[in-house]
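The values are calculated or read from the model by the stated rules, or taken from the named source; none is laboratory data. These numbers were taken from a predicted model, which means no experiment stands behind them. Here the Cβ positions follow ideal geometry from the backbone for every residue, glycine too, while neighbour counts run over all protein chains shown. Surface accessibility is based on the protein's heavy atoms, side chains included, excluding ligands, DNA and RNA. Shrake-Rupley method; radii C 1.70, N 1.55, O 1.52, S 1.80 Å.
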Amino acid sequence: MIRHPALHRLPPAPRLARLALSCLLVAALLWAVHGYRFKAGTEELALHASQRLALLAASLDAELLRFESLPTVLAQHPSLQQLLQAPNDPELVAAANALLEQVNERTGAGMLYLIDPTGRTLAASNWRRADSFVGENYAFRPYFRDALAGGSGKFFAVGATTQVPGFFIAHPVRAAGRITGVLAVKVELTQLETTWAAGGESVLVVDRHGVVALSSNPAWKFGTLAPLSPESRAALAATRQYFTAALEPLPLVWREPGRALLGGREYVVGSRALGWVDWRMLMLLDTAPVRAAAWLAVLAAGLALCVLAVAGLYWALHARRLRERLAAQAELERTVAERTADLATTNAQLLREISERSATEQKLRGTQRALIEANRLAALGQMAAGVAHELNQPLAALRSFAGNSLTFLERGRLQPLRDNLNQIIGLIERMARLTSQLKVFASRQQTGGGSASAAQAMQVVAGWFRERLDAAGVELRIDAGEVRLPLQPQALEQVLSNLVGNALDALAGCGGGVIALRAARHGTQLCLEVADNGPGIPQELRERITQPFFSTKPLGQGLGLGLSIVSDLIEGSGGRLEIESGAGGGTVMRACWPQVAGTDGAGEGRAGEVE
């Protein structure tokens with residue numbers, strides 16, 4: 001223990017008392033560290049033992065459950081029931097022996113044997129061996145008596161014939177509503193004990209008398225946790241459960257609940273109750289590593305205390321020098337404080353100015369938000385009026401289909417009439433969907449997912465415009481093939497409807513007008529084109545025509561929302577809209593999408609939905 005220099009100034013007696021008290025406190029602290037670390041280590045061992053016992057108990061249950069239903073199922077076999085009716089028939093005995101031998105080999109059980117109501121074994125799977133069960137009487141075994149009484153017999157014992165321990169499971173054999181015999185299976189658990197031993201685990205399975213029935217350590221097997229009472233010895237002798245073992249107590253000394261000495265070593269003992277004939281499974285974990293870890297913790301704590309003592313001594317030796325340095329620093333800080341007073345005043349002034357500017361900026365932002373909201377409300381009002389523009393084309397198509405329907409009705413042509421009515425229904429649904437176009441411009445958001453046939457959409461739109469095309473003398477050419485575009489069908493129809501309508505408007509008053517609708521794959525892209533041979537669009541207007549409310553039409557013939565909606569739908573589905581001049585004049589409106597690999601033209605890109 002390192003002593004502080006200041007202790008030399010104390011009288012000898014107080015100095016020794018202070019030193020002794022320090023030593024006692026250190027010793028008590030180190031002992032507390034040892035106790036805490038050892039307790040924590042034993043608790044960890046107990047937790048580990050509990051977890052391992054759960055797994056080991058499950059493996060033991062699984063091993064026994066493999067054969068629990070075997071006697072129940074096999075007891076229904078006609079060969080066994082016939083033998084119980086005629087126990088002295090050699091042919092029936094041979095057939096039963098062969099059956100039990102075959103089933104035993106396939107299931108991997110220890111033994112299978114059939115017992116008559118008197119306890120005599122009539123047939124067994126080991127009938128060929130010298131230690132065959134055939135002819136032996138097992139009326140003294142509890143599992144036989146339980147099965148003969150109509151229950152399921154379960155019993156662990158050392159075999160009376162083979163001297164090999166095993167777990168016996170028996171089931172009654174019934175015929176005509178009465179018990180005519182007992183079928184039993186012996187499950188040998190030697191391999192399970194070998195597995196425990198190979199894993200380096202100390203495991204015991206103890207019966208209700210305290211006898212070790214199974215163990216990973218052969219030296220502990222058939223020992224007892226405590227001396228047996230006369231009643232227990234009498235019960236074991238009556239059933240000859242361990243008649244070959246001395247059943248001597250193990251050198252087990254319990255220190256406290258959960259800890260015991262066995263063979264000169266201390267263990268943490270975990271216990272778990274089993275559901276098989278009042279068994280308990282115990283696991284013993286050596287505390288030597290935990291005790292060594294506790295002493296290492298004591299050593300670490302001691303080293304830490306030494307380091308603290310050295311640090312305290314160092315601090316005491318340098319306290320005076322530190323105080324001198326602090327006094328010099330105080331003087332320096334006073335000088336700095338005087339010189340920085342002006343800077344503090346200036347800084348406060350700057351902070352006030354920043355606060356004022358922040359308040360002004362907040363007011364400006366509020367005013368800006370109010371202006372944006374007012375502008376947005378005005379735009380939404382204009383868009384509501386623009387729905388009339390979008391409904392003109394479906395209404396024109398409705399007039400055409402309604403006129404055709406009257407003609408077909410007068411002529412009694414029902415199938416064309418039905419087709420026209422279906423087209424009218426589709427147009428009415430489309431007019432309902434067109435009202436939702438307000439959201440396309442208002443939110444600028446489209447939902448993803450979709451695929452539509454270009455040819456089908458073109459045919460639908462062509463039907464809508466048939467009357468206008470005929471009236472204007474414009475030829476409509478369609479070339480689509482099997483191309484599918486990444487748009488919802490109604491969104492693709494909306495795109496085509498707006499583009500064809502704009503092309504028709506551009507061809508007004510022009511003779512020999514032609515509108516071409518094309519859809520094809522170009523390299524890694526899917527392209528949709530709407531071309532006309534009209535006057536074309538000036539270069540200076542191409543950047544503005546997709547803006548909302550921009551229109552070159554006379555006042556009252558449109559609000560300029562058509563191409564804005566088209567552009568939103570195409571861009572929302574992952575494509576882009578291009579506007580070019582045709583080779584022979586006119587305008588080419590081209591929408592292109594990157595082709596997704598593996599879709600073969602039926603791209604599943606993001607598609608704009610009208611909703």
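Key figures
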| item | result |
| --- | --- |
| Spherically averaged projected area of segment 158-282 from its Cα convex hull (nm²) | 9.6 nm² |
| Cα-based helix-to-principal-axis angle, 489-506 vs the chain, degrees rounded to 10 | 10 degrees |
| Unit Cα scatterers, Debye sum, segment 204-354: log10 I(q)/I(0) for q = 0.10, 0.13, 0.16, 0.19 Å⁻¹ | -0.61, -0.80, -0.96, -1.15 |
| Cut-off 9 Å between beta-carbons: net charge of the residues surrounding residue 474, Lys and Arg +1, Asp and Glu -1 | -2 |
| Dmax and Rg, reported as Rg then Dmax, of segment 128-182 (C-alpha, Å) | 12.2, 36 |
| Sum of side-chain charges, residue 85 neighbourhood, beta-carbon under 14 Å (Lys, Arg +1; Asp, Glu -1) | -1 |
| Which of 326, 189, 395, 541 is most accessible, then next, and so on - probe 1.4 Å | 326, 395, 541, 189 |
| Pairs of lysines in the chain (C-alpha under 30 Å apart; 8 or more residues apart or interchain) | 4 |
| Sequence of 239, 335, 367 when ordered by accessible area, the most exposed leading, probe 1.4 angstrom | 367, 335, 239 |
| D (Stokes-Einstein, µm²/s), Kirkwood Cα radius, segment 1-139, 0.890 mPa s at 25 °C | 114 µm²/s |
| Probe 1.4 Å - accessible area at residue 21, Å² to nearest ten | 90 Å² |
| Degrees separating the helix 90-107 axis from the principal Cα axis of the chain, which is the longest one | 60 degrees |
| Identified option (computed Kirkwood radius over Cα pairs in Å; candidates [x] 36.6; [y] 26.2; [z] 28.2) | [x] |
| The chain, relative contact order [Cα under 8 Å, separation at least 6], % | 9 percent |
| Accessible surface ranking that places the most exposed of 63, 333 first, with a 1.4 angstrom probe | 333, 63 |
| Radius 13 Å from Cβ of residue 228, net charge of other residues (Lys, Arg +1; Asp, Glu -1) | -1 |
| Cα-derived Rg to Rh of segment 198-239, Kirkwood definition | 1.06 |
| Value of [θ]222 nm, deg cm²/dmol, for the chain, DSSP H segments ≥ 4, -39500 (n - 2.57) each, nearest 500 | -17500 deg cm²/dmol |
| Residue-level accessible surface for residue 39, protein heavy atoms, 1.4 Å, Å² | 120 Å² |
| Residue 342 accessible area, 1.4 Å probe, all protein chains in place, Å² to nearest 10 | 110 Å² |
| The chain: angle of helix 12-68 to the longest principal axis, Cα-based, in degrees nearest 10 | 80 degrees |
| Charge-dipole axis of the chain as Lys and Arg at +1 and Asp and Glu at -1 on Cβ define it, positive-most pick from 239, 228, 69 | 228 |
